[in-house]
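Let me begin by presenting the structure, written as structure tokens, before commenting on it.
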Amino acid sequence: IFLLLNFSPPRRIQCWVRGVRVRDYVTKLRKATIIVQSCVRGRRIRFAYRQLEATIARLQSMVRGFMTRKLLQRLRVARVTKYRTHMFDLWKRTFTPLTYRTKFWQIIDGSGFLHLTLIENELERLWTDLAIEFPPEKFTNGSKESDSHLSFATGFKEVTNITYRRYIQVELMKKNATLGHVTEKTSLDIFPVFPGEMIPKKMTEEYKIRKGKRKDAADQLAGERSQVYEKLAGYTDKKKIQSIYASF
């Protein structure tokens, strides 16, 4: 009786149907579990990847910033060193007072980009006093030098490069003008090189005004030198006195 009840055809059909349903349910459950696991693992991997990508980008930016700051620092120091010698020669040519020179280097020592900008502004002033004219230059984005709508980054970079190119042009003017003058170099060997130092063929009102300003500046500088020499009269070391006198 037991065998007839448990292995009868209706019971077998029920077992087969239930088995099919259970296997289908287990298969769907396993697939759903795999999908959930893949979603969770994918989310974790994407989160870790974004964190790694952000860390690498931050590290790259730090390294690039460090290298850029080092490069700009060397560039700034090199330009300030060149500008100092150039500015000292132009100060002699424009008869700049000694008090102005002393205060200028006491306040502006070239330790930052603000100081570099002020030094370049001083060079522009000296070039203007010597009547040195430069052709208008264009920025890399096509804007002209006189445009006022430039961004800060573009304006700072381009203006700095323009000033340096003008410095090279002025140095070439000095070199070409002094090739024919071969004499012993002293603090007084200043040959007229720039338009503001030379006498034009036709006297103009602008030249007369410039000449008057240069004469007043030369007289003031001579007075300052006399005061310095009087204060240095107490020195007994001749070599030290000569080196000090040569500085002025």
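The values are calculated or read from the model by the stated rules, or taken from the named source; none is laboratory data. Every value quoted in this text rests on a predicted model; they were computed, and no experiment measured them. Cβ atoms come from the backbone with ideal geometry, glycine included; neighbour counts cover every protein chain shown. SASA here: full protein model, heavy atoms, side chains in, ligands and nucleic acids out. Shrake-Rupley method; radii C 1.70, N 1.55, O 1.52, S 1.80 Å.
Summary of values
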quantity	calculated
Thr154 vs. criteria at pLDDT below 85, among the hydroxyl-bearing types (Ser, Thr, Tyr), open to solvent by 30 Å² or more (accessible area, probe 1.4 Å) and farther than 16 Å from Val193 by Cβ	yes
Count of residues meeting criterion [over 21 Å from Glu197 (Cβ atoms), in a helix (DSSP H, G or I), open to solvent by less than 80 Å² (accessible area, probe 1.4 Å) and charged (D, E, K, R)] in the stretch 68-109	2
Candidate set: the stretch 110-121, residues that are surrounded by fewer than 14 Cβ atoms within 10 Å (Cβ to Cβ) and hydrophobic (A, V, I, L, M, F, W, C); chosen: the one nearest to Arg69 (Cα to Cα)	Phe113
So Ser61, is it without any contact (Cβ under 8 Å) to a residue 12 or more places away in the chain and either open to solvent by 90 Å² or more (accessible area, probe 1.4 Å) or farther than 30 Å from Glu171 by Cβ (or both)	yes
